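Here the structure comes first, spelled out in structure tokens, and everything after it is commentary.
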Amino acid sequence: MSATRKRPAKTMTPEIVPVDDLEIVLTRKAIKNMHLRVKPPDGCIEVSAPLRLPLSTIKGFVREKRAWIERQQQAIAASPRAEAAAATPEEVAAWKAVVAACVPALIAAWEPIMGVRAGTIAYRNMKSRWGSCQPATGRICINVRLALYPPECLEYVVVHELCHLLERGHGPRFHALMDHFMPDWKTRRAKLR
């Protein structure tokens with residue numbers, strides 16, 4: 001009878017590791033290089049490291065990147081996303097008023113250009129999407145948090161949702177339509193990330 005040999009896991013369960021006064025989420029993987037990320041919305045520090053890399057090396061790397069980590073956390077804390085997460089109902093109502101005041105004019109301007117007709121327009125405070133469209137009914141929903149971003153971002157979302165009246169998914173045809181109607185859409189979208 002031959003003994004079966006167990007292969008090491010390719011990814012180990014993440015663990016919380018203290019580094020001075022910081023806590024990092026360390027995930028060991030079958031990779032060659034270490035990767036450091038500071039994740040929104042709370043500035044969580046994540047490190048992916050090779051399976052056999054010594055913990056002392058990982059901690060040294062985090063200490064070396066301390067200034068960069070702090071800059072990233074400050075940027076996240078000052079971002080519209082962080083502001084939205086801590087908003088009062090009054091602030092959300094104010095955002096809705098701003099967005100609701102702008103969207104009808106944007107739709108009116110873009111409908112003839114795109115050859116579409118929107119149905120009902122709704123406004124919601126959404127955490128995970130900027131807008132949605134139901135092509136069958138023409139109903140478009142816009143995230144009120146767009147009031148926290150530059151106006152070109154709101155216009156991008158409106159055009160994006162109107163494009164769904166022409167193409168349901170996000171495939172090549174959808175991207176071609178976005179390229180045609182709003183050539184700088186990728187730059188605008190990047191401001192929302």
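Report, by residue number, each residue of segment 169-192 that is within 21 Å of the chain's Cα centre (by Cα) and surrounded by 14 or more Cβ atoms within 10 Å (Cβ to Cβ).
Hits for segment 169-192 are PHE174, HIS175, MET178, MET182, TRP185, ARG188, ARG189, LEU192.
How many of the residues making up segment 113-137 are in contact with a His (Cβ under 9 Å, 6 or more places away or on another chain), under 22 Å from PRO183 (Cβ atoms) and open to solvent by 40 Å² or more (accessible area, probe 1.4 Å)?
1
Got a number for residues in segment 98-126 being within 17 Å of ALA84 (Cβ to Cβ) and part of a loop (DSSP other than H, G, I, E, B)?
2
Can you tell me which residue in segment 91-112 is least open to solvent (accessible area, probe 1.4 Å), limited to those that are modelled with pLDDT of 95 or more and of a type in the set (D, E, K, R)?
GLU111
Across segment 7-62, which residue is surrounded by the fewest Cβ atoms within 10 Å (Cβ to Cβ) among those that are out of contact with any helix residue (DSSP H, G or I) (no Cβ under 8 Å at 6 or more places or on another chain) and acidic (Asp, Glu)?
ASP21
The values are calculated or read from the model by the stated rules, or taken from the named source; none is laboratory data. In this text the structure is predicted, and so the values were computed from the model without any measurement. Virtual Cβ from ideal backbone geometry, glycine too; neighbours counted across all protein chains shown. Note: accessible area is taken over every heavy atom of the protein model, side chains too, but ligands, DNA and RNA are not part of it. Shrake-Rupley method; radii C 1.70, N 1.55, O 1.52, S 1.80 Å.
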